[in-house]
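Note sheet for the following structure.
Please treat every number below as a calculation from the coordinates, not as lab data. Just so we're clear, the structure is a prediction, and the values are computed from it rather than from any experiment. Note: ideal-geometry Cβ built from the backbone for every residue, glycine included; neighbour counts use all protein chains shown.
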Amino acid sequence: MFEPFTRQLFRDAGLSSGMRVLDVGCGSGDVALLAAEIVGPGGAVVGVDRAAAAIVRARTRAEIRGMSNVQFVEGDPALITLDETFDAIVGRLILMYYADPIDALRKLLLHLRPDGIVVFQEFDPSGCKSHPASPAYDRCANWIIRTLALSGAHTHLGLELYRIFQSAGLPAPMLRLDGVISGGPSAPYEALPEVVRSLLPAIERFGIATAAEIDIDTLAQRIRDEVLAKNSVIVAPLLIGAWARQAGNNSRQ
Ligand SMILES: C[S@@+](CC[C@H](N)C(=O)[O-])C[C@H]1O[C@@H](n2cnc3c(N)ncnc32)[C@H](O)[C@@H]1O
């Protein structure tokens, strides 16, 4: 769902053929694989994530696509040593998980060459809603936001990127805002329920809702039925992208 926005953000930020890119918190590799496509065979991408299972999935996906310009490493890129410095550091929905995103970004910048590009894309969930209201959709959004917040994630980090970049020693970043609004039979009704599915243990642990209330296997269908019955639209969490160029010998922003 977010791929076109991330692609446009990378285009705006100046990611291009031949670059070496570090993808922070690569998960199953969506962003790293996109970056690898942009930098092409003359470039290289390293995706780093602390979740071993995600790294395995990302490697498998790269192999299936026959992409040899991307590799995946398990760990926290703010803490590990890497053999090279990068032309660009990118990340999507990752700074929100660091307890101190400014400190994390400062550490990540140690992997960037002078004049290198920094690009992050993070959520702003405040516009995530349905209209006219589908209670099932709105409840689903609320479960996700509350669970992430109680887990310690910075749920509105997108709005903080402008300040975080500067506090980490970067110039004021350029910004863009993207979002998905949809209705009708082909809207992405599975998207939020899939997040709820992955958060289910935490939702129950925090006492936000019970598995019986959520009834995960019917959730997407119930949202779909409500939205179609009211001819509503649903708005996904907004994505805020920020990019800047680290000062260097030939500094240009
Ligand atoms: C919401 S997912 C985003 C994945 C990917 N960037 C994307 O947009 O498809 C967040 C990812 O960040 C990873 N993560 C969170 N904190 C991390 C840390 N300190 N070091 C490395 N990975 C981390 C998680 O394991 C998870 O894969």
Starting from the Cα of residue 73, step 7 Å along the direction of its Cβ; do the same at residue 8; then give the gap between the two resulting points in nm. 3.3 nm
How much length is gained on full extension from residue 110 to residue 225, taking 0.36 nm per residue of separation minus their Cα-Cα distance? 36.4 nm
Just want to confirm a number: the relative contact order over the chain, from Cα pairs under 8 angstrom separated by 6+ residues, in percent. 21 percent
Going 7 Å from the Cα of residue 37 toward and past its Cβ, which residues in region 58-101 have a backbone nitrogen under 15 Å from where you end up? 61-70
Rounded to the nearest 10 degrees, what's the angle between the helix 135-150 long axis and the longest principal axis of the chain, both from Cα atoms, 0 to 90? 40 degrees
Applying 1/(1 + (r/R0)^6) with R0 = 41 Å to the Cβ-Cβ distance of residue 204 and residue 16, what FRET efficiency is obtained, to the nearest 0.05? 0.35
Placed amide H near residue 180: partners under 5 Å, 5+ positions off or other chain: 236
The chain: angle of helix 157-167 to the longest principal axis, Cα-based, in degrees nearest 10: 20 degrees
Sorted by packing (mean other beta-carbon atoms within 10 Å per residue), highest first, where do 108-119, 195-206 land? 108-119, 195-206
Nitroxide proxy distance, nm - points 7 Å out along Cα→Cβ at residue 100 and residue 56: 3.4 nm
